[in-house]
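For reference, the structure is listed below as structure tokens.
The values are calculated or read from the model by the stated rules, or taken from the named source; none is laboratory data. If you're wondering where the values come from, they're calculated on a predicted model, not measured in any experiment. Cβ atoms come from the backbone with ideal geometry, glycine included; neighbour counts cover every protein chain shown. For accessibility, only protein heavy atoms count, side chains too; no ligands or nucleic acids. Shrake-Rupley method; radii C 1.70, N 1.55, O 1.52, S 1.80 Å.
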Amino acid sequence: MSNRFEVYMNRAQQEALMVNAHTEIIIASRRMGKSFGIVAPRMIRNAQFMPGSTGAFVASSFRQAHSRTLPAAMAGLESLGFKKDIHFVLGRRPPKKLGYPRPVIEPNDFSDVLSFYTGAIMTIISQDVKLSSNSMTLDWIVGDEAKGLNFDKLKDETFPANGGTQRYFGSCPWHHAMLFCSDMPVSKEGSWLFNYEDKFSPELIDTILELVALRYRYKDKEDPWAVQQRREIDALLGELRRKAVYYREWSIFENIDIVGLEYVQQMKRDLPPLVFQTSILCRRIRSIQGGFYPAFKESVHTYIANNNKELLNAGWREVENSCLLDGDLDRNAPIAVAFDYNANINWLVAGQVKGGKITVIKSFYVKYNRKLRELIDDFCHYYRHHKRKHVVYYYDSTATGSNYAVSRDDFASAVFEQFNKNGWQVSKKYIGNPMKHHEKYQILNDAFNGAKYLIPLLNRENNDALIVSISLADVAITSRGFQKEKGGEKLAESEENLLEYRTDGSDAFDTLVLGCSLFPYQTSVYMGSATG
């Protein structure tokens with residue numbers, strides 16, 4: 001571009017830009033400027049140094065790419081002076097009047113392609129679309145919100161596609177480059193990012209930075225010796241960058257000059273403590289090895305299922321958040337629900353039985369002043385477009401005769417009444433006294449293993465906190481066998497012990513899976529019968 005202007009970059013962004021490594025894994029807090037200072041500059045670099053190349057923007061789902069990550073990246077491009085429909089075009093073949101060169105490998109469909117003025121293109125790969133990387137030949141990869149990416153799909157589908165021909169771009173140090181950005185992973189799913197820390201060589205990075213500083217001395221000198229020095233340094237930098245793996249973890253304080261201390265104080269006040277620790281301070285949290293659900297594996301028992309047709313119809317316009325975006329919902333069937341009731345946090349876990357599986361389609365929780373009725377209102381609002389407004393309510397004896405979350409009514413009565421108030425039918429399924437922990441342990445892990453009972457599968461994007469609750473549920477071995485460790489439930493909420501990541505959510509999950517497995521609802525429920 002001919003026009004030049006100055007932009008501010010924080011220390012972390014500057015370091016990453018100077019290192020300019022081939023492979024970059026950057027775990028940074030929210031508001032660190034990842035889209036503006038990391039993702040957008042790499043997209044520009046790849047487009048300019050590899051004109052006509054094919055890159056990939058990888059998202060965990062079509063929904064994520066359309067609603068969050070790619071719009072943020074494009075905003076980053078525009079903040080750097082690159083204008084939409086002038087320097088880049090999204091979702092359509094670039095008009096001839098713009099004069100873009102053709103890419104080396106031209107796609108047949110531009111609906112999910114970002115085209116650059118250099119002829120380079122970036123195709124959007126959504127991991128919830130089967131074989132979305134199939135038959136592609138890629139020259140570089142960018143992934144934002146990387147903690148949500150399925151690493152098995154990356155290594156089996158996308159990484160092998162990142163083998164563009166050496167004929168055109170083999171001399172470029174960023175050919176086959178990879179950039180993955182994320183805030184701090186909380187669950188096991190995102191832990192693959194930490195593996196790159198072992199491949200990071202501080203000595204190599206320091207050497208690159210020293211060479212960059214040395215080259216800066218000759219930046220404005222045009223005598224033959226200085227020109228030769230720049231060429232030699234550039235050649236050496238290219239070889240070092242080609243081999244470099246850059247791994248960094250950055251907290252919000254790297255960008256404090258922009259966001260201000262008041263923002264950090266506000267986030268500490270407003271965010272759940274553990275979210276503040278991970279998403280703002282970028283601190284790792286402890287995970288449980290084995291735990292109460294040793295057979296639970298995120299790679300096996302979670303899935304992504306969005307209604308991509310709804311998103312396609314909307315183009316790149318914002319779409320309201322509702323069940324219309326869910327691809328796993330049978331809108332003509334009832335929804336099974338189970339709860340966990342507490343003074344400070346109340347949970348609702350929703351699912352549908354499909355064959356030998358129970359799909360946990362979404363979970364909800366409310367805290368402190370918002371109680372059980374508000375929780376049900378949240379459910380009914382989200383599922384306002386559901387065609388069959390009918391729930392099968394699983395509950396045990398803890399829901400009868402107790403009312404500390406709902407004023408004068410016991411839980412079961414309040415649930416029934418609030419669903420009716422919202423226009424939903426309720427089929428009650430009483431399952432008796434709570435099951436003993438050691439029995440529950442065996443049944444649930446048999447279910448996860450597929451040995452017997454319904455196999456639980458969780459919608460990954462609709463159950464973030466629930467998946468963490470299950471992953472962190474610890475186990476104690478007593479004279480009565482395996483027990484779920486629940487001592488932390490009664491403790492005051494702290495920065496290291498967030499309410500929604502405790503065992504309450506997993507208890508609601510247990511009730512739903514056990515209820516649907518051991519007390520299946522009958523076909524008559526589908527015909528609209530309800531019992532109260």
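Taken over segment 214-238, residues that are surrounded by 11 or more Cβ atoms within 10 Å (Cβ to Cβ) and aromatic (Phe, Trp, Tyr) amount to 2. May I ask you to verify whether Leu154 is under 23 Å from Gly33 (Cα atoms), of a type in the set (A, V, I, L, M) and within 15 Å of the chain's Cα centre (by Cα)? Taking the combined requirement at face value, the residue does not satisfy it.
Of the residues Tyr168, Tyr246, the single one that is part of a helix (DSSP H, G or I), in contact (Cβ under 8 Å) with a residue 60 or more places away in the chain and closer than 30 Å to Val129 by Cα is Tyr168.
If we keep just the residues of segment 163-181 that are buried (at least 21 other Cβ atoms within 10 Å of the Cβ) and over 20 Å from Leu240 (Cα atoms), which is modelled with the lowest pLDDT? Checked segment 163-181; the qualifying residue modelled with the lowest pLDDT is Gly164. Between a first residue in segment 357-381 that is of a type in the set (Asp, Glu) and a second residue that is part of a loop (DSSP other than H, G, I, E, B), which pairs have beta carbons less than 9 Å apart while being 6 or more apart in sequence or on different chains? Every condition considered, the pairs that remain are Asp377/Asn422; Asp378/Arg370.
Are there any pairs, at least 6 apart or on different chains, whose C-beta atoms fall under 8 Å, with the first in segment 418-446 and in contact (Cβ under 8 Å) with a residue 12 or more places away in the chain and the second open to solvent by less than 50 Å² (accessible area, probe 1.4 Å) and among the basic types (Lys, Arg), and if so, which? Within 8 Å, the pairs are His437/Lys484; Lys440/Lys484; Tyr441/Lys484. Taking the stated definitions as given, is Ala465 within 30 Å of Ser279 (Cβ to Cβ), among the small types (Gly, Ala, Ser) and open to solvent by less than 30 Å² (accessible area, probe 1.4 Å)? Yes: the conditions hold for Ala465. Evaluation of Arg167 against the conditions (1) on the phi > 0 side of the Ramachandran plot; (2) over 27 Å from the mean Cα position of the chain (by Cα); (3) of a type in the set (D, E, K, R) shows that the sole unmet condition is (1).
Given the condition modelled with pLDDT of 90 or more and polar (S, T, N, Q), answer yes or no: does some residue in segment 68-76 qualify? No, the conditions are met nowhere in segment 68-76. For first residues located in segment 4-27 and closer than 19 Å to Cys282 by Cβ and acidic (Asp, Glu), partners that are open to solvent by less than 30 Å² (accessible area, probe 1.4 Å) and not in a loop (DSSP other than H, G, I, E, B) and lie 6+ apart or on another chain with Cβ distances below 6 Å form the pairs Glu24/Leu179; Glu24/Tyr246. The number of residues in segment 72-116 that are of a type outside the set (Ser, Thr, Tyr), open to solvent by 50 Å² or more (accessible area, probe 1.4 Å) and within 19 Å of Cys181 (Cβ to Cβ) comes to 2. Considering segment 426-522, the qualifying strands (runs of 3 or more DSSP E), each wholly inside and each with 2 or more residues that are modelled with pLDDT of 90 or more and not small (Gly, Ala, Ser), run over 455-459. Residues that are aliphatic (A, V, I, L, M), modelled with pLDDT under 85, surrounded by 14 or more Cβ atoms within 10 Å (Cβ to Cβ) and part of a loop (DSSP other than H, G, I, E, B): does segment 334-353 have at least one? For segment 334-353, residues aliphatic (A, V, I, L, M), modelled with pLDDT under 85, surrounded by 14 or more Cβ atoms within 10 Å (Cβ to Cβ) and part of a loop (DSSP other than H, G, I, E, B): absent.
Sub-7 Å Cβ pairs linking a first residue in segment 265-286 that is open to solvent by 80 Å² or more (accessible area, probe 1.4 Å) to a second residue that is aromatic (Phe, Trp, Tyr) and at pLDDT 75 or above, at least 6 apart or interchain, are Lys268/Phe276, ordered by first then second residue.
So in segment 182-193, with the set limited to residues that are over 10 Å from the mean Cα position of the chain (by Cα) and closer than 23 Å to Arg31 by Cβ, which one is surrounded by the most Cβ atoms within 10 Å (Cβ to Cβ)? If we take residues in segment 182-193 being over 10 Å from the mean Cα position of the chain (by Cα) and closer than 23 Å to Arg31 by Cβ, then Val186 is surrounded by the most Cβ atoms within 10 Å (Cβ to Cβ).
Scanning segment 11-64 for residues that are among the small types (Gly, Ala, Ser), open to solvent by less than 10 Å² (accessible area, probe 1.4 Å) and part of a helix (DSSP H, G or I) returns Ala12, Ala16, Gly37, Ala40, Ala47.
Taking the conditions exactly as written (touching a residue at least 12 places away in the same chain (Cβ under 8 Å), open to solvent by less than 30 Å² (accessible area, probe 1.4 Å) and over 25 Å from Gly148 (Cβ atoms)), does Leu211 satisfy them or not? Spelling it out, Leu211 is indeed touching a residue at least 12 places away in the same chain (Cβ under 8 Å), open to solvent by less than 30 Å² (accessible area, probe 1.4 Å) and over 25 Å from Gly148 (Cβ atoms).
In the set (1) of a type in the set (D, E, K, R); (2) surrounded by fewer than 18 Cβ atoms within 10 Å (Cβ to Cβ); (3) touching a residue at least 24 places away in the same chain (Cβ under 8 Å), the condition left unmet by Arg241 is number (2).
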